[in-house]
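Below: the structure, in structure tokens.
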Amino acid sequence: MASSLPEELDWSVPAVMGERSVCSTEVPAGNKASFRKTSLSGRDSHVPSSEVLEAIENVIQGVLQSLAQKKAPVLTVANRTDWRNIEFKDSVGLQMIPRCTTKQIRSDCPQSAPRFALMLKILSMIYKMVQSNTYATKRDIYYSDTLLFGSQSAVDHIINDISCMLKIPRRSLHILSTTKGFVAGHLSYTEEDGTKVNCTCSATAVSVPSNVQGIKNLISHAKFVLIVEKDATFQRLLDDDFFNKVSPCIMVTGRGVPDLNTRLLVRKLWDSFQIPIFSLMDADPHGVEIMCVYKYGSVSMSFEAHHLAVPSIKWLGLLPSDLKRLNISKDALIPFTKQDQNKLASIQKRPYIACQPLWKKELEMMAASKLKAEIQVLTSLSQDYLSRVYLPNKLQFGGWI
């Protein structure tokens, strides 16, 4: 079915985390003293160790200079979760503006002093790892002193703040994410330690590498990449041998909201092969949100948009209009909750929806019906309808937006 993906088509279409209260001074955008350029767009995905060490030393030097002047040291970080600091560019996704507003984590404020100390502690750990060329996961860092850090989320927030503050990707800080995603299909590659991985020969899915940046020699004859929202759907397609039956493809799942490594892998597949990438999500606000993270990135990680987002991703299904077209019984659909309504209303207001009229129409259809559906609803038509009929027809006749 290689002919189902015509070469003449143009494929290149141009989670806000809460934080504890801190004593901070917001610096308006445009203030020359506010912050260094925050986006990593001009930065290669790998930063030499010498530059990482120098960047950390500069931060510590600033702290020492403040102490020498008998001033309370502060650390200045970008307001990563503030939409006012985000701009949308259809070729990049959500990215942080160069002169964004910032906040100061002060050492002389009872509320923010603990966070200030934790940032210095993690900077110290990163410095030692870079020096010794060792790596750790965010989980490793948390469990190195659970009483000190308090929670995993506190560690996660601080690491992202440090990455943004230094303008250095997290993997160059020698911090790895715990991988939960899977990949299967027509793909082989070599891991950083020389291990050869062949996803095609594997009877089961392969875990997404913990160091995506380090993989090389990627080889694939796939015609497209299929991102699957849920693990259950992914496993069903794997059992049905979907990546061989329809057309050679690569299947990826983040098993819900994708972790950093899964997003990095999808971006690497796009950069390496420049083949169409389709998304298969539930027809609900949560599924749309997940698809938007893959396609346009997230607000909290907007400073790494150039390395994470893949704006060329297409929405293959499950489309709200598919439910009507396939005469899915309303009894098989799920009523919206108040949370669903709020989530959808939030998505509809986002800047990238305005440049996607077909997406906008589908979301309006979903909002009007106040009904949602999981991909498994297709089993009401037949047990193997998804792999035997739905996906082959969609891919053959261009049923994506």
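Of all aspartates and glutamates in the structure, those lying under 12 Å Cα to Cα from LYS324, and not within fewer than 8 positions of it along the same chain, are GLU362.
Available extension along the chain between VAL257 and GLN383 is 42.7 nm, counting 0.36 nm per residue and deducting the alpha carbon span. At an R0 of 41 angstrom, the distance between the Cβ atoms of SER91 and LEU218 translates into a FRET efficiency of 0.95. Cross-link list LYS230/LYS338; LYS128/LYS295; LYS314/LYS343; LYS230/LYS268: which exceed 26 angstrom alpha carbon to alpha carbon? Going by Cα-Cα distance, LYS128/LYS295 fall outside the 26 Å limit. If R0 is taken as 45 Å, the Cβ-Cβ distance between ASP271 and ALA113 corresponds to a FRET efficiency of 0.60. Per atom type, the chain shows carbon and sulfur on 51% of its accessible surface, probed at 1.4 Å. Take every DSSP beta bridge whose two residues both sit in the chain; close to 65 percent of them are antiparallel.
Modelled label positions at ARG325 and GLN396, each set 7 Å beyond Cα in the direction of Cβ, lie 1.4 nm from each other.
Between ASN244 and ASN198, the simple label model (points 7 Å from Cα in the Cβ direction) yields a spacing of 1.3 nm. Among GLN104, TYR143, VAL155, which residue has its Cα positioned farthest towards the positive end of the charge dipole of the range 49-176, with +1 placed on the Cβ of Lys and Arg, -1 on the Cβ of Asp and Glu, and the dipole taken about the Cα centre? Of the candidates, GLN104 comes out farthest on the positive side. Surface analysis of the chain yields an accessible area of 45 Å² per residue, using protein heavy atoms and a 1.4 Å probe.
Sort the chain into rounded, prolate or oblate with this rule: let a ≥ b ≥ c be the square roots of the eigenvalues of the Cα gyration tensor; rounded if a/c is under 1.5, and if a/c is not under 1.5, prolate when a/b is larger than b/c, oblate otherwise. Prolate shape, in that a/c is at least 1.5 and a/b is the bigger ratio.
Computed extension gain for LYS361 through THR190, at 0.36 nm per residue and net of the alpha carbon distance, reaches 57.3 nm. For a straight C-alpha distance cut-off of 18 angstrom, the aspartates and glutamates reachable from LYS138 (same-chain residues fewer than eight places away being disregarded) are GLU19, ASP156, ASP161, ASP259, GLU304.
Between GLU54 and SER144, how high is the FRET efficiency from 1/(1 + (r/R0)^6) when r is the Cβ-Cβ distance and R₀ = 41 Å? Nearest 0.05. Computed FRET efficiency for GLU54 and SER144 comes out at 0.95.
In the range 168-255, Cα pairs under 8 Å separated by at least six residues give a relative contact order of 35 percent.
Just check the range 275-401 against the gyration tensor rule for me: Cα atoms, a ≥ b ≥ c as the square roots of the eigenvalues, rounded for a/c under 1.5, and otherwise prolate or oblate depending on whether a/b exceeds b/c. Oblate, since a/c reaches 1.5 and b/c is not below a/b. Counting only DSSP H runs of at least 4 residues, each contributing -39500 (n - 2.57), and dividing by the residue count of the chain, the helix-based mean residue ellipticity at 222 nm comes to -10500 deg cm²/dmol.
Descending by average beta-carbon neighbour count within 10 Å, the peptides 102-115, 226-239 line up as 226-239, 102-115, the highest first.
Shape annotation for the range 49-176: C-alpha extents along the principal axes are 41, 35, 31 Å, from largest to smallest.
Restriction of the trypsin sites (Lys or Arg not before Pro) in the range 329-361 to DSSP coil positions whose beta-carbon has at most 13 other beta-carbons within 10 angstrom yields LYS349.
Computed extension length for ALA72-SER132: 18.5 nm, one decimal, from 0.36 nm per residue of separation with the Cα-Cα distance subtracted. Restricting the trypsin sites (Lys or Arg not before Pro) of the range 295-324 to loop positions (DSSP other than H, G, I, E, B) with no more than 12 neighbouring Cβ atoms within 10 Å leaves nothing. Oblate is the label for the range 182-397, because a/c, from the alpha-carbon gyration tensor with a ≥ b ≥ c as root eigenvalues, is 1.5 or above and a/b does not exceed b/c.
The values are calculated or read from the model by the stated rules, or taken from the named source; none is laboratory data. Since we're looking at a predicted model, the values are computed, not measured. Don't worry about glycine lacking a Cβ; one is built from the backbone with ideal geometry, like all the others, and counts go over all protein chains shown. Only protein heavy atoms, including side chains, enter the accessible area calculation; ligands, DNA and RNA are left aside. Shrake-Rupley method; radii C 1.70, N 1.55, O 1.52, S 1.80 Å.
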